[in-house]
Each structure stands twice: as structure tokens, then as C-alpha cells.
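Student: One structure, pasted below without further comment.
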Amino acid sequence: MRPPQSDPGDGAASAAWELLLPAASAPARTRGRSLQAALREAVRSGRLAPGTRLPSSRDLAADLGVSRGLVTEAYEQLTAEGYLRSGRGAGTWVGAAVRAAQPRAHDLAPRSPGSRADFVPGTPDLALFPRAAWAAAHRGVLAELPHQELGYPDPRGLPRLRTALAELLARRRGVVADPERIVVVSGVAQATTLLGFALHTRGVRAVGVENPGSPQHDALYGAAGVRAVPLPVDEEGVAPEALWASGVRAVVTTPAHQFPTGIAYSARRRAELLDWARSVDGIVLEDDYDGDFRYDRAPVGALQGLDPDRVAYTGSVSKSLAPGLRLGWLLVPESWAQEIVERKRTMDLGHPALDQAVFARFLERGDYDRQLRRCQRAYRERRDALVAALDTHFPGSRVSGIAAGLHVIATLPGRYGPEERFLARVAEAGVAVRPLSAYAHTRTEPEGAEAVRLVLGYAHVPPARIAEGVRLMAEAATG
């Protein structure tokens, strides 16, 4: 190949040479496609700016050492696509319709801000994800999965997975689990949205939510046109007087381990909640977000087992495996099943079949039970490390909600307050924490309150980092 020939008034020849040389060196059978792709990318990226005149097909072919027909075909293809423009006797130019692409894709996933210590609740230890066992399940599924299983799945989920989930939930959580009423979903968030749409279709425009409780309920139910009504939580669960006075016919609860206070609903409150649902022809939406992690007490069975016709039950693998898998389940009363399934069908045509088959195999082979036992041991150790560190560095503090779950409530002595000052000092020291007040749908304490009540997550923090983080927090608070 010879060097490009200069052309007065045409400054694109040298640039085109440099951009297209790799394409000209491609194998003969792919050279035409490579040349077109190189030109296309040069225009998209802005390296060939709008209004740039390109060399003639004869000159560029000679410069690149390829046939003129190859260049002519590339020019014609990109002109048809709008990247180039040309006119008889006027040459070929870069079109003005194309805008340079963004240099990179932005990641909007929630990330830790790079704190020296991070006690924000809600995240498991992702390093505990069972990569080897999951990979083995994946290989096994790919080897045995019938071709037809890769088509559009039943919107409820693969029968194999729904059967395995029914066995798991009945055995571990005391759920009355009919595989025909289980819907595989993309986590509890999608389950919530499905329930919100179903409520709206039935004329329900308000749903009761625990206060304090998950801050996501407002947005998730709001997207379905249903308003979240905060209901106070006492030491036994949702306060029945407030529930009756609210006029709602649906209420969201976390009865096995209330988020974030950590209480378990009492037997009396569970009965009162179901009596309310029967009296108002209502429904209880049970979020069993961390029902598998119990340390100092026997597991509290799911509320759904007491009245499957009045309770919709949901859970996921976000705490036991990883939230990035986007795998969960929704078990609905029989009278709701068809409506929920049709909404799921129109929403996404069903959860990915391959992911479902892998999880089904993972359940069937006992890998999920082994993973839960592994996490249980690790999280108990970390909980104990956090309680000990608080006792050492914050003497006089009270810790509650420690018998289960992945976080504790720490109430610090008044000398560490007021809360606003404490939080500012701790943040300045690089320690990420969340106060209990951050989970209140309505504020229950006045500004400047002396009490410092923290929701401290520990599952994702190794024991040594827990001790160090609490020490840093104490130094910041007293400095």
C-alpha cells in the first residue's frame, strides 16, 4: 500500500487512512464489512466530524490498497443509512444527522460511597455467594435443559421451580404453598408492584404500611396509583387501633422480623391482624424479607400459614444469595391468582427461563439449604462482633432486634446526642450509618431530639472491620 496522496482542499484523506488501515488489513471475506464498520464508528465517535469531505472512492481505494468497488459499496451503504451524504459531482461528505456517541456507559447501580466503615443495612455479604455450586448448577442445566424450555415460559414460572419453592417454603417457613399460586418474580419490588396494580384494579386506592418501615413502599405502590398510609408499630406489631381507624383494606407487614425495629409480631397481634382482614374483606401483604436468619430463637412461621386466603406472601434470594440475581416469589390467595398472573404476563412475559432452571436445580440438590447454613454461621458471628464492639466503645448503649435478621437497633446514651450532631460527626469521619428516623414515613421525634437510635447493618462487614468501624464511630462522636 502506498501513503495517502495529498489533495488541496481535502483534509480528510490522511485521517481516513489512519482510521481505516485496520479494516483494510482484515481477511478478504470480511474486509467490506470491516471497512463499513470502521467508517460508521469514526462518524459516530466524532473523529470524522459532520461536514468533513471524504476522499474519492478511487483515491481512498488506492491509499488503502483495496478495490475501488469495496470503497464504493461502503460509501453507498453508509449514505443509505444517513451517515454520509453525496451528490453527483459534489463528492462524499459526513452527514449532519449523526451525533457523537457518549464516551462510556454510566453505572447507576447503588454503590457504597467509599466510606471507611459502612453499617448501612440491607446488603448481604456478596463474597459469600456460592460461585462454584452455582456454576455447577448452571452447567448441569445447560447439559440437560430441553430446547423447548428456552421458549417463553409460563408467566408464573417454570413448574419445576414452583414445585421446589413450594416444598422449601412449606418446610422452612410454614407456608401453605400451592405451586399453582406461586409466581416467580424479579424480587420483592416486582411483587410489590404486581400487588399494587391488583389492588388498584379492585378499586383500592390506599394501603397501610408500617411506620417505621421500608422507604420504598411510597414509590412502589405510588407507581400503581395506590397511596401508602403510615401505621404506627408498637412492641407487638402494627397498632390495631390505628389500622381500624385508617379505613384501609390492605396492609403491608414484616411480621417475622419487623423492618427496621426487629420485633416479631406477637401471637395476639397476628390474630388481631387476621381478624381485621376478615372483617373488612381485606388482605395482608406479608414481606418475609429475611425470614431464614434466626439466631437466638426458634424461627417464627409465616403469617400466611394461618390464613392463605387473606395473606399474600413474598420473599426473595436477595439476602441469602445476591440481590443482583433478581429472583423472588409471590404466593397469592386463589382469588387473586389469575389477575396477578395476567399482569405478570403483560409486564415481562415471564422471568428468564435459564435462571429459573438453575435456581430449581440449586434447590433440588440441597445447595440452597447449605448456603443458608453457611450464611447463618457467618452472620451470627458478625452480629456478636457488633454487639461486643458497641458494649466496648459505647458503654450504656441498648441493643435490640438482635435475635434475627441482618441488622440491630442501637440506642446510644443521651450524652452522644443530639442526633443531627452525632450523624454529622460520624459522616465526617467516613462512617456510613442510618438513623432509625430515616425509616419513618412520618416524623415522630422533634428536631434536635437527644436520643440517637441507629439501624446498624452488619451482614456485609467482616468482624475485624466491624470492631474498627465502631471504634471510629465512637472517636468521632466524642471528639
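The values are calculated or read from the model by the stated rules, or taken from the named source; none is laboratory data. All of these numbers come straight from a predicted model, not from anything done at the bench. Don't worry about glycine lacking a Cβ; one is built from the backbone with ideal geometry, like all the others, and counts go over all protein chains shown. Ligands, DNA and RNA are excluded from the accessible area calculation, which covers all protein heavy atoms including side chains. Shrake-Rupley method; radii C 1.70, N 1.55, O 1.52, S 1.80 Å.
Student: More than 20 Å from the chain's Cα centre (by Cα), within 30 Å of VAL207 (Cα to Cα) and either open to solvent by less than 60 Å² (accessible area, probe 1.4 Å) or not small (Gly, Ala, Ser) (or both): does that describe VAL317?
Tutor: Criteria not met by VAL317.
Student: For segment 95-113, check the following and say yes or no: at least one residue is polar (S, T, N, Q) and in a helix (DSSP H, G or I).
Tutor: Of segment 95-113, the ones polar (S, T, N, Q) are 102, 112.
From what is left, the residues that are in a helix (DSSP H, G or I) are none.
No, segment 95-113 contains no residue that is polar (S, T, N, Q) and in a helix (DSSP H, G or I).
Student: Can you tell which of ALA474, ALA459, ALA432, ALA438 is in contact with a His (Cβ under 9 Å, 6 or more places away or on another chain) and within 20 Å of SER214 (Cα to Cα)?
Tutor: ALA459
Student: Which is free of Cβ contacts under 8 Å to residues at least 40 places away in the same chain, open to solvent by less than 70 Å² (accessible area, probe 1.4 Å) and in a strand (DSSP E or B), of THR72, THR92?
Tutor: Values: THR72 fails: in a strand (DSSP E or B).
Just a single option satisfies the conditions, and that option is THR92.
Student: Right, something else. I'd like to check which strands (runs of 3 or more DSSP E) are fully inside segment 251-363 and have at least 1 residues that are closer than 18 Å to ALA170 by Cα, touching a Ser or Thr at 6+ places or on another chain (Cβ under 9 Å) and of a type in the set (S, T, N, Q).
Tutor: 311-316
Student: Check segment 41-50 and report whether any residue there is more than 14 Å from THR92 (Cα to Cα), open to solvent by 60 Å² or more (accessible area, probe 1.4 Å) and either touching a residue at least 40 places away in the same chain (Cβ under 8 Å) or assigned to a helix (DSSP H, G or I) (or both).
Tutor: yes
Student: Next question. Looking at segment 111-137 only, could you name the residues that are over 30 Å from GLU475 (Cα atoms) and open to solvent by less than 60 Å² (accessible area, probe 1.4 Å)? Break it down into steps so the answer makes sense when it comes.
Tutor: Here is the first cut: in segment 111-137, the ones over 30 Å from GLU475 (Cα atoms) are 128-137.
Selection gives LEU128, PHE129, PRO130, ALA133, TRP134, ALA135, ALA136, ALA137.
Each row is one residue, and each column tells you yes or no for (1) farther than 30 Å from GLU144 by Cβ; (2) open to solvent by less than 10 Å² (accessible area, probe 1.4 Å).
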position	(1), (2)
ALA357	no, yes
ARG370	no, no
ARG377	yes, no
GLU381	yes, no
PHE394	yes, yes
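Student: Count, please, the residues in segment 368-405 that happen to be part of a loop (DSSP other than H, G, I, E, B) and under 17 Å from VAL470 (Cα atoms).
Tutor: 5
Student: From the residues in segment 398-444 that are touching a Lys or Arg at 6+ places or on another chain (Cβ under 6 Å) and not β-branched (Val, Ile, Thr), which one is surrounded by the fewest Cβ atoms within 10 Å (Cβ to Cβ)?
Tutor: GLY430
Student: Suppose we filter segment 80-131 for residues that are modelled with pLDDT under 75 and within 30 Å of VAL387 (Cβ to Cβ); how many remain?
Tutor: Of the residues in that region, 5 qualify.
Student: Right, something else. Would you be able to say whether some residue in segment 456-466 is touching a residue at least 40 places away in the same chain (Cβ under 8 Å), part of a strand (DSSP E or B) and basic (Lys, Arg)?
Tutor: Looking through segment 456-466, none of the residues is touching a residue at least 40 places away in the same chain (Cβ under 8 Å), part of a strand (DSSP E or B) and basic (Lys, Arg).
Student: Can you work out which of the residues in segment 362-374 that are within 23 Å of the chain's Cα centre (by Cα) and in contact (Cβ under 8 Å) with a residue 24 or more places away in the chain is farthest from ASP154 (Cα to Cα)? Show your work before the answer.
Tutor: Within segment 362-374, the subset within 23 Å of the chain's Cα centre (by Cα) is 362-363, 367-369, 371-372, 374.
In the following step, the residues that additionally are in contact (Cβ under 8 Å) with a residue 24 or more places away in the chain were identified as 362-363, 367-368, 371-372, 374.
On the way: PHE362: 20, LEU363: 19, ASP367: 25, TYR368: 23, GLN371: 28, LEU372: 28, ARG374: 32 Å.
Restricting to residues being within 23 Å of the chain's Cα centre (by Cα) and in contact (Cβ under 8 Å) with a residue 24 or more places away in the chain, the top hit is ARG374.
Student: Kindly check whether there is at least one residue in segment 461-469 that is touching an Asp or Glu at 6+ places or on another chain (Cβ under 6 Å), buried (at least 16 other Cβ atoms within 10 Å of the Cβ), of a type in the set (A, V, I, L, M, F, W, C) and under 30 Å from ALA137 (Cβ atoms).
Tutor: No, the conditions are met nowhere in segment 461-469.
Student: Considering segment 139-149 alone, what residues qualify as being open to solvent by less than 60 Å² (accessible area, probe 1.4 Å) and in a helix (DSSP H, G or I)?
Tutor: Result: GLY140, VAL141.
Student: Which pairs have Cβ atoms under 7 Å, sit 6 or more apart or on different chains, and link a residue in segment 181-208 that is touching a residue at least 60 places away in the same chain (Cβ under 8 Å) and under 27 Å from VAL233 (Cα atoms) to one that is of a type in the set (Lys, Arg) and open to solvent by less than 10 Å² (accessible area, probe 1.4 Å)?
Tutor: LEU194/LYS344
Student: Any idea which residue in segment 44-85 is farthest from the chain's Cα centre (by Cα), counting only those that are closer than 16 Å to SER34 by Cα and among the basic types (Lys, Arg)?
Tutor: The residue in question is ARG68.
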